[in-house]
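K.L.:
So that we are looking at the same thing, I have put the structure below in C-alpha cells.
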Amino acid sequence: HCHAWWPTAAFFKRPFVKFSGRSHPMITSVRYFCPIPDCIAQCAASAPHFLVSLGLTNANTGSVNRSTLLNVVLVRKTQPFVTATICTQPMWGYPRMKKMYPAILDEWLSYHYSKGFRRAIVYEQWDADFEQDLAHWKAQGFVDYHSRWSSGLWAADSQKYQYCTQSAAHDHCVFVSRLRSRWVSLVHGLDLYYCSNCVDVASAFQPYTDANNSELRIGRKDCGGARVSGTRSLILSFNLCDEPNTNLLHPSFDPMQSMATFVHSTLVTYPRDLDNQLAATPPPSEIVSTHLYEAFLADTNFSDWREFDRLRPKKDKYDPQYTLKHRSTLPDTYAAVTNIIQLVRSGRLHQVAWPQS
C-alpha cells in the first residue's frame, strides 16, 4: 500500500476551494493499492516482520526508477477488532474549551464509550495539548492520539485555514481503521455526540451490516438556545433541540471500502444501493447525532474564528424568533458518563460491563 499526499508544494500555493464554496484550502489524499506477491505473502505468514521495497517503474522500459525506492518494514501486530471507531478533526484551542467546560474531553470520550464505541482517534492541530488529559484513556487502550497533526507546509497554512487538514486526518483515520473496525464515524469536534437516541452503536448499526452498505448517512439535530445556568458540563448546558435533519450529515463508513473522505462524505469502492437506498440514510428515529451548535459561542469574537474550535454562527438559530421545541437526550446520559470518568481515572474501565463491540 502506497500513500501519497497531494497537492505538491508548488500546487499548494494555488487556491484550492473546498466543496462548500468557501475559500478555505482543503487537502485530501490519493491511495495506491499494490498486490503482494505470493512469495512475500508466504513469508508474512511466518515472519514477525519483513522488508518490502516499493518503487515506481518506467512505463516504457519497465525498469525501476531507483530514486523512487522506498523501504517499508511490515510488522505483524494483533489488535482487537471493534464495531465502531470515532474520529475527530484536527482540533485546536483546547485550553479555551477547557476553561469553559472543565470536563469537556472526559465527557465526550466517556459518552461515546458508553454508546459502545471502543476506539477514539483524536487529532490535534496545534496548541491543543490534549496529552495530559488523554493519559488515562490512552493507558486503557481506548484512545489513539496524534499530536501536532500539521507539520511542514501544513503548519503555516493551518494557522490561517484551520479546517484545511480535516480531510487528511479523516483519511488517515479511515485507513488505520482497516481490519480494526467495522465502522468509522467522523465528527468535527467535541460538540458533536453520536448515537444520541440509541442504546449503543452495535445494535443501531446491526440492520445495516450487509456488505453492500459502505456508508451510513447519519442525520443530526442541533441543540442550543439559552444555556442552562449553574453548570459547567457541556452535555448539561443545552437542553432544547430542533428537528433531526438528514441534510446535515455526520456519516459512518466501512473503512475497507473507503478510498478517501471529504467533508461529510467519502469515496467508496462499493457504492451504496442507489436504487433501493439500502441503508443509505437510517431514519432519525433509529439513530441520530446531537450537535451542540452554541457550545463555544460565549466570549467569542466572531471576527477571529481561528481563536479556538467553535462553529460559525447560524443566523436562523441565533434569531430570537427561532424556536427549539424538542428536549435534548444528552442530560439523561450524565450519570453514566460521570461514572465512566471515575472508572477511567482509577484504571478500572474494563472491569465493568458496558455495551460491547
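K.L.:
Which numbered condition in (1) surrounded by 24 or more Cβ atoms within 10 Å (Cβ to Cβ); (2) assigned to a helix (DSSP H, G or I) is the only one that His136 fails?
P.N.:
Going through the list (1) surrounded by 24 or more Cβ atoms within 10 Å (Cβ to Cβ); (2) assigned to a helix (DSSP H, G or I), His136 breaks only (1).
K.L.:
Here is a follow-up. With respect to Glu286, determine if the residue is surrounded by 15 or more Cβ atoms within 10 Å (Cβ to Cβ), of a type in the set (Asp, Glu) and at pLDDT below 85.
P.N.:
Considered against the rule, which asks whether it is surrounded by 15 or more Cβ atoms within 10 Å (Cβ to Cβ), of a type in the set (Asp, Glu) and at pLDDT below 85, Glu286 comes out as no.
K.L.:
So Trp126 clears everything in (1) farther than 16 Å from Leu192 by Cα; (2) modelled with pLDDT of 85 or more; (3) among the aromatic types (Phe, Trp, Tyr); (4) out of contact with any Asp or Glu (no Cβ under 7 Å at 6 or more places or on another chain) except one condition, right? Which one?
P.N.:
Going through (1) farther than 16 Å from Leu192 by Cα; (2) modelled with pLDDT of 85 or more; (3) among the aromatic types (Phe, Trp, Tyr); (4) out of contact with any Asp or Glu (no Cβ under 7 Å at 6 or more places or on another chain) one by one, Trp126 breaks only (2).
K.L.:
Among the residues of the range 95-108, are any in a strand (DSSP E or B), open to solvent by less than 10 Å² (accessible area, probe 1.4 Å), touching a residue at least 60 places away in the same chain (Cβ under 8 Å) and within 19 Å of Ser196 (Cα to Cα)?
P.N.:
Looking through the range 95-108, none of the residues is in a strand (DSSP E or B), open to solvent by less than 10 Å² (accessible area, probe 1.4 Å), touching a residue at least 60 places away in the same chain (Cβ under 8 Å) and within 19 Å of Ser196 (Cα to Cα).
K.L.:
Please enumerate the residues belonging to the range 76-98 that are over 12 Å from Ala120 (Cα atoms) and of a type in the set (Gly, Ala, Ser).
P.N.:
Gly93
K.L.:
Among the candidates Phe50, Phe12, which residue alone is closer than 25 Å to Ala260 by Cα and either surrounded by 14 or more Cβ atoms within 10 Å (Cβ to Cβ) or at pLDDT 80 or above (or both)?
P.N.:
None of the others qualify; the one that does is Phe12.
K.L.:
Oh, and also: Residue check: is Gln166 over 25 Å from Phe81 (Cβ atoms) and either hydroxyl-bearing (Ser, Thr, Tyr) or over 14 Å from the mean Cα position of the chain (by Cα) (or both)?
P.N.:
Taking the combined requirement at face value, the residue does not satisfy it.
K.L.:
So which residues in the range 69-94 are loosely packed, with under 11 Cβ neighbours inside 10 Å and either assigned to a strand (DSSP E or B) or free of Cβ contacts under 8 Å to residues at least 24 places away in the same chain (or both)?
P.N.:
Leu70, Asn71, Val73, Val75, Lys77, Thr78
K.L.:
How about the range 152-237: which helices (runs of 4 or more DSSP H) wholly inside it have at least 1 residues that are open to solvent by 10 Å² or more (accessible area, probe 1.4 Å) and at pLDDT 90 or above?
P.N.:
Per the criteria, 201-205.
K.L.:
Every residue in the range 86-101 that is modelled with pLDDT of 90 or more and farther than 16 Å from Trp137 by Cβ, please.
P.N.:
Tyr101
K.L.:
Residues being out of contact with any Ser or Thr (no Cβ under 8 Å at 6 or more places or on another chain), of a type outside the set (A, V, I, L, M) and open to solvent by less than 40 Å² (accessible area, probe 1.4 Å): count how many of those fall in the range 324-343.
P.N.:
Qualifying residue count for the region: 1.
K.L.:
Okay, next question. Within the bounds of the range 268-279, is there any residue that is under 19 Å from the mean Cα position of the chain (by Cα), surrounded by 15 or more Cβ atoms within 10 Å (Cβ to Cβ) and either among the aromatic types (Phe, Trp, Tyr) or at pLDDT below 90 (or both)?
P.N.:
Scanning the range 268-279 turns up at least one residue that is under 19 Å from the mean Cα position of the chain (by Cα), surrounded by 15 or more Cβ atoms within 10 Å (Cβ to Cβ) and either among the aromatic types (Phe, Trp, Tyr) or at pLDDT below 90 (or both).
K.L.:
Additional query: Which of the residues belonging to the range 216-269 are free of Cβ contacts under 8 Å to residues at least 60 places away in the same chain and among the small types (Gly, Ala, Ser)?
P.N.:
Ala226, Ser229, Gly230, Ser265
K.L.:
With the requirement that a residue be crowded, with 18+ Cβ neighbours inside 10 Å and either in contact with a helix residue (DSSP H, G or I) (Cβ under 8 Å, 6 or more places away or on another chain) or among the hydrophobic types (A, V, I, L, M, F, W, C) (or both), what does the range 115-132 give you?
P.N.:
Within the range 115-132, Lys115, Gly116, Phe117, Ala120, Ile121, Val122, Tyr123, Glu124, Gln125, Trp126, Ala128, Phe130 meet the criteria.
The values are calculated or read from the model by the stated rules, or taken from the named source; none is laboratory data. Note that the structure is a prediction, hence the values are computed from the model and not measured. So basically every Cβ, Gly included, is an ideal-geometry build from the backbone, and we count neighbours across all protein chains shown. Quick note on the areas: whole protein, heavy atoms, side chains included, nothing else; ligands and nucleic acids left out. Shrake-Rupley method; radii C 1.70, N 1.55, O 1.52, S 1.80 Å.
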